[in-house]
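Undergrad: Submitted below is the structure of interest, expressed as structure tokens.
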Amino acid sequence: MRTTDNNGGKSIDKFDNLNIADLSVIANRNLLDLEKENPDLLVFPHSFGKYRDDLEKPHIFSLDDENLTTYNLMGFIGRNSAQLTISSRFAKDENNDYFLHYMLQKVFSINLLKFDQTPNKENIWDFLLYLFPYYLKKAYSQGVYKAYKKEEYNDSNIKGAIDVKRHIVRNIPFTGKIAYTTREHSYNNNLTQLIRHTIEHIKTHPFGSGVLKGDSEVRDIVSRFTFVTDKTFNNNSRQKIINTNLKPVTHPYFTEYSALQKICLKILQHEKITFGNNKDKVYGILFDGAWLWEEYLNTILKEKFIHPENKTGKHRNLLFENFQSIYPDFISKDEPKSVGDAKYIPLDRQQSYSENSEKATSIYYKTIAYMYRFSSKNGFLIFPKKDTSFFETYRIKETDGMLKKIGLAIPQTTENFKEYIKTMNVNEEELKQNLITDKTPNTQPQFGKMAGSVLN
């Protein structure tokens, strides 16, 4: 079964082979509870302990007697025979969700010019590969993981406990050597071996090279882990290494390696997870579209804008003297200040987001509050729009303040992924130009009246 994010409610009669019983277990459930009960369900970025706040919508999807309603989550989820793929609403068709994959590749520093998607479970779990470089970098920022490891020696430089049994077998008659064991702090351990097995597995994937060679930092880290594990690496010991890593790693310093361990296990076990026979288990991988859109825009704007993170506290600001944290999505580095938000919603629909709608209170007015806080005359909202770009400017009455509403064009007709990337790059440059362009309306309209033009 397949639908899109934010589908507005789709009649269940339109789904083929809909398994209501299995889907009902997933639907209308608190997302955090589902994650806790089902370790094979990953919701990014909320899995792996990175973010602890709730999603804007607490459900993956809602289900009643008539409709199945999705929200901002995209990806794949299944239970028994029920399998639901949630594509982005900007997907060309069920085989070409270029928009989702493009954002993932931009956010996670993957460099693929060719991408062929087919609607099967193997491709769904390919999403896991996108996450690997991200978590690899975060873990490596703390250095290569070191752990105590049992080592066996047989020489004359005894420095540990004598292994009597092994000594008798190997050194009788006595030749001057002693068999002994030591516990040594080593880079070559079960966890680094797990990382190495994951690297070797990714190399066999059709786009593995793009994942492991996306940028110079990833290439260097991969080389480092390959070097420290070469001494004992054996491709045939994969299952043994997986089994030794089933217990989560805990370390007071190497804290980021816990998440990396989880993603490595998911990658190496993806077939078991997806095609296993465990009855009634829920499995899948989902991405928060609102978060992904925001982080994607940051890859475009980070040269000129600071990106505060409300989920980590990075670049936190206060609205009042001593309280009320605020996190505009983007604050310009240069003066005069510009502030703005990323919105994964169709802001070009005036009937839904006009000045008279309740939604405007949390969208337009919040951005204007940010403008006031940072003494800015320029605010902006950026949203995705099918095919054509969108630009409107609003003057805030009896002030010099201007609010821009900018729709980034998401192509719908490109023939392949390479062409899609090229078109997106052009549209991104147009977006940046719209942000820095001082377009003011010829008249003095109040906030909420159209005051600009649509750009094609």
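Undergrad: So Tyr283 fits all but one of (1) part of a helix (DSSP H, G or I); (2) at pLDDT below 90; (3) under 30 Å from Ile345 (Cβ atoms); what number is the exception?
TA: (1) is the only condition that Tyr283 fails.
Undergrad: When residues of the stretch 256-280 are filtered for being modelled with pLDDT of 90 or more and in a loop (DSSP other than H, G, I, E, B), how many remain?
TA: Total satisfying the criteria: 1.
Undergrad: Being farther than 28 Å from Lys106 by Cα and out of contact with any Gly (no Cβ under 8 Å at 6 or more places or on another chain): is that true of Leu246 here?
TA: On the way: farther than 28 Å from Lys106 by Cα: yes; out of contact with any Gly (no Cβ under 8 Å at 6 or more places or on another chain): yes.
Taking the combined requirement at face value, the residue satisfies it.
Undergrad: Could you grab me the full set of residues in the stretch 367-425 that are within 20 Å of Lys343 (Cβ to Cβ) and either touching a Cys at 6+ places or on another chain (Cβ under 8 Å) or in a helix (DSSP H, G or I) (or both)?
TA: The answer is Thr367, Ile368, Ala369, Tyr370, Met371, Tyr372, Arg373, Met424.
Undergrad: Give the stretch 20-70 a look and list any residue that's touching a His at 6+ places or on another chain (Cβ under 8 Å), in a loop (DSSP other than H, G, I, E, B), at pLDDT below 85 and more than 20 Å from Tyr134 (Cβ to Cβ), or say none.
TA: Selection gives Asn30 alone.
Undergrad: Conditions: (1) modelled with pLDDT under 85; (2) in contact with a Ser or Thr (Cβ under 9 Å, 6 or more places away or on another chain); (3) small (Gly, Ala, Ser). Ser186 meets all but one. Number of the miss?
TA: The one condition Ser186 does not meet is (1).
Undergrad: If we keep just the residues of the stretch 325-342 that are surrounded by fewer than 19 Cβ atoms within 10 Å (Cβ to Cβ) and touching a residue at least 12 places away in the same chain (Cβ under 8 Å), which is nearest to the chain's Cα centre (by Cα)?
TA: Start the filter on the stretch 325-342 by keeping residues that are surrounded by fewer than 19 Cβ atoms within 10 Å (Cβ to Cβ), which leaves 325-327, 333-337.
When the remaining residues are screened for being touching a residue at least 12 places away in the same chain (Cβ under 8 Å), the result is 325-327, 333-334, 336-337.
Numbers: Ser325: 25, Ile326: 23, Tyr327: 20, Lys333: 25, Asp334: 29, Pro336: 32, Lys337: 29 Å.
The qualifying residue nearest to the chain's Cα centre (by Cα) is Tyr327.
Undergrad: Further question on the same structure: If I filter the stretch 199-219 for residues that are surrounded by 16 or more Cβ atoms within 10 Å (Cβ to Cβ), β-branched (Val, Ile, Thr), free of Cβ contacts under 8 Å to residues at least 60 places away in the same chain and closer than 18 Å to Asn189 by Cβ, do I get at least one hit?
TA: Within the stretch 199-219, one or more residues are surrounded by 16 or more Cβ atoms within 10 Å (Cβ to Cβ), β-branched (Val, Ile, Thr), free of Cβ contacts under 8 Å to residues at least 60 places away in the same chain and closer than 18 Å to Asn189 by Cβ.
Undergrad: Another question about this same structure. Only one of Ile368, Ile382 is β-branched (Val, Ile, Thr) and over 27 Å from the mean Cα position of the chain (by Cα); which?
TA: That would be Ile368, the only listed residue that is β-branched (Val, Ile, Thr) and over 27 Å from the mean Cα position of the chain (by Cα).
Undergrad: Could you list, in sequence order, the residues of the stretch 363-389 that are at pLDDT 90 or above, among the polar types (S, T, N, Q) and over 14 Å from Phe330 (Cα atoms)?
TA: Thr388, Ser389
Undergrad: Another question, then. Inspect the stretch 350-362 for any residue being over 19 Å from Glu429 (Cα atoms), modelled with pLDDT of 90 or more, in the same structural domain as Glu430 (by TED's automatic domain parsing) and over 29 Å from the mean Cα position of the chain (by Cα) and give the result as yes or no.
TA: No, the stretch 350-362 contains no residue that is over 19 Å from Glu429 (Cα atoms), modelled with pLDDT of 90 or more, in the same structural domain as Glu430 (by TED's automatic domain parsing) and over 29 Å from the mean Cα position of the chain (by Cα).
Undergrad: If you go through the stretch 185-229 one residue at a time, how many are closer than 13 Å to Ala147 by Cα and of a type in the set (Gly, Ala, Ser)?
TA: Final tally of qualifying residues: 1.
The values are calculated or read from the model by the stated rules, or taken from the named source; none is laboratory data. The shown structure was predicted, so the numbers you read here are calculated from the model rather than taken from an experiment. Positions of Cβ are generated from backbone atoms using ideal geometry, with glycine treated the same way; all protein chains shown enter the neighbour counts.
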